[in-house]
Amino acid sequence: MADVIRSCVACRHKQPQETLYRFVCKDHEIRLFAGVGRSFYICKICIDDDKKLAKSTKRICKTSKDLSNNIKTALSFNNL
């Protein structure tokens, strides 16, 4: 069976699903995907690029505030 390919919302590169982090934006907060809601993927390289991450999270969550710290907090909380 072929690998499932997904796109990173920050850089738009297509990669196998298992190499990306999956998040959901709910109530203007970003959390790791828990199986419910519309999700998005971010690659490991873009997690470290603060400028690119801030721009993409604003676009995805339709807000003007920077939510990139929420992503880093979720990753560190879950030891990923």
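All of the numbers you see were taken from the coordinates with simple rules; none came from a lab. Predicted model, so just to flag it, every value in this text is computed and none were measured. Every residue, glycine as well, gets a Cβ built from its backbone with ideal geometry; the counts of neighbours run over all protein chains shown.
Brief remarks follow.
- Partner aspartates and glutamates whose Cα lies under 15 Å from the Cα of residue 58, excluding those fewer than 8 positions away in the same chain, are identified as 27, 29, 49, 50, 66.
- q = 0.15 Å⁻¹, the chain: log10 I(q)/I(0) [Debye, one scatterer per Cα]: -0.47
- Pairwise label distance in nanometres, residue 44 with residue 7, each label 7 Å out on the Cα-Cβ vector: 2.3 nm
- Nearest 10 degrees, 0 to 90: helix 68-77 Cα axis against the chain principal axis: 60 degrees
- Against the main long axis of the alpha-carbon atoms of the chain, helix 50-61 sits at an angle near 90°.
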